[in-house]
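The values are calculated or read from the model by the stated rules, or taken from the named source; none is laboratory data. What you are looking at is a predicted structure, and each value in this text was computed from that prediction instead of being measured. With ideal geometry, Cβ positions are generated from the backbone for all residues, glycine too; neighbour counts draw on all protein chains shown. The area values use the complete protein model at the heavy-atom level, side chains included, leaving out ligands, DNA and RNA. Shrake-Rupley method; radii C 1.70, N 1.55, O 1.52, S 1.80 Å.
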Amino acid sequence: MALLAYGVSFRTAPIDMRERMAFAHQELPRALSRLGEVPLLSEAAILSTCNRTEIYCALDSPDHDPVANWLARDRNVPVGELAHAAYVLWNADAAAHAMRVAAGLESQVLGEPQILGQVKSAFDAARQSDAIGPELDLLSRYALNIAKRVRTETDIGKNPISIAYAAVTMAQHIFADLSGIDALLVGAGEMIDLVARHLGQAGIHHIGIANRTFEAADALARANGTGSAIELNELAANLPQYDIVISSTGSVDHVITRQMVEHAIRERRHKPMFLVDIAVPRDIEPTVGDLDDVFLYSIDDLTEVIEDNVAMRGEAALQAEGMVAEGVERYTRQRRVRDNQALLRQFRKRADDARDEELARALQRLGSDQVPEEVIERLARDLTNKLLHGPIAALRDASADGRTDILNYLRSRYGLD
């Protein structure tokens, strides 16, 4: 059985391609069902975030082409275009990548905290769809364990910087003083919750929150203290009131269109607007950035803030990489043990059979009035001989064949001279 990690990320694919590759969380069950039809594929999980779309799977053959062809076909992306952007990782390399992703070491913002929950959610979704077996179950347990260690035992887990933080930091670069600024947040998920908190800490004057579910927007607005909720269908009418707009929804269509922003700019008499789209697929129509007095940034435009973050966390990242290497070694060892369970069971059964056979003979001798001490001594001797016959014969053969690797390993393992 081979473990494969196949996908694209912000390192290999531009945002317009990542949009086309993205899977909404609600479509994962159907996507996993379709993926399960790929020949020789027995297990699969799909991780899809704003920065990456990856497939983790177990295959009976070390050939990634069937998975690549399925993904290209399912996402309506030319096979050649996908091949140019995709990475292919097998076995230990795939496990290391999964651990690095879960720990935030592969994130655009090094160490960002949301990815751990996203990885857990991806494997949970696959588990609920009966798409996970022993291979991915083992991978998910080790990936999440190492990620939690990185979060708690290194400085990456202290004062985590997120995409949300980067977006607010960029807003502070545009507006020197946020105390008189009004901001509109579109969405009500974890990312928008973080943005609201960062804006509140930055001293923003007022925060409006628009969401498809008004109750969720209202709850977030109340928690923030300086916010108010807006029905999503009232977004266009309210847009002119806001200087900053930050959007992160799960919509597959544009939530904010060029027409809406054109109207807002006219109503504002061309007072500048700063918009940040941290959703993939994008919430804000890209041509909005062509308008005068509008500053539109996507998730890929947060480079400067992100590079500063990488520099600050370099030492912690080295420590985290050591944990990943340790995790991969432990995972690989456990995988080998699991793959050889049948051999171990057979070896144990042979020993149990030898024990039962010699014990039955000893009981017969006791029943024939033989001296108990002599019976026990013979039982111990005969059982020892029977159990050691195979290993001793194997050692003789190893010596005769010059297999010093086996002999040296056994000397070390059993403390022999």
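Highest mobility in the GNM of the chain, judged by mean-square fluctuation with C-alpha springs under 10 Å and restricted to Glu190, Glu19, Glu357, is found for Glu357.
Atom-type composition of the exposed protein surface of the chain places 50 percent of the accessible area on carbon and sulfur (1.4 angstrom probe).
Computed over protein heavy atoms with a 1.4 Å probe, the accessible surface of the chain works out to 51 Å² per residue. Here the Karplus relation 6.51 cos²θ - 1.76 cosθ + 1.60, evaluated at θ = phi - 60°, turns the backbone of the stretch 77-85 into coupling constants of 10, x, 4, x, 5, 5, 4, 5, 9 Hz, with x for every Gly and Pro. Under a Gaussian network description of the chain, with springs only between Cα atoms under 10 Å, the residue in Gly322, Gly227, Gly367 that fluctuates furthest is Gly367. Here the 3J(HN,Hα) profile of the stretch 135-142, calculated from phi with Karplus coefficients 6.51, -1.76 and 1.60 at θ = phi - 60°, is 5, 6, 5, 5, 4, 5, 5, 6 Hz, Gly and Pro shown as x. The alpha-carbon of Lys148 sits under 16 angstrom from the alpha-carbons of these aspartates and glutamates, leaving out residues fewer than 8 places away in its chain: Glu106, Glu112, Glu321, Glu326. The GNM of the chain, with springs linking C-alpha atoms under 10 angstrom apart, assigns the highest mean-square fluctuation among Gln364, Gln259, Gln128 to Gln364.
Could you order Ile174, Ile256 by accessible surface area, starting with the largest, using a probe radius of 1.4 Å?
Numbers: Ile174 70, Ile256 0 Å².
Final ranking, largest accessible area leading: Ile174, Ile256.
For Leu344 and His263, the FRET efficiency from 1/(1 + (r/R0)^6), where r spans their Cβ atoms and R0 equals 56 Å, is about 0.20. Bridgeable aspartates and glutamates around Lys120 (alpha carbons under 12 Å apart, same-chain partners fewer than 8 residues away excluded): Asp137. Highest-first packing order for the peptide set 335-341, 44-50 is 44-50, 335-341, based on the mean count of other beta carbon atoms within 10 Å. The average projected area of the stretch 260-417, computed from the convex hull of its Cα atoms over all directions, is 21.3 nm².
With all protein chains in place and ligands, DNA and RNA left out, the 1.4 Å accessible area ranks Ser248, Ser33 as Ser33, Ser248, largest first. Exposure check, 1.4 Å probe, all protein chains in place: Met170 carries approximately 20 Å² of accessible surface.
To the nearest 10, the accessible area of Glu329 is 120 Å² with a 1.4 Å probe. Here, the chain has an Rg and a Dmax of 29.9, 112 Å when only alpha carbons are counted. When His84, His198, His205 are compared by accessible surface with a 1.4 Å probe, the order from highest to lowest is His84, His205, His198. Sparsely packed loop sites in the stretch 204-293 (the trypsin sites (Lys or Arg not before Pro) outside DSSP H, G, I, E and B with at most 11 other Cβ atoms within 10 Å) comprise Arg269. With the helix formula -39500 (n - 2.57) applied to DSSP H stretches of n ≥ 4, the chain reaches a computed 222 nm mean residue ellipticity of -18000 deg cm²/dmol.
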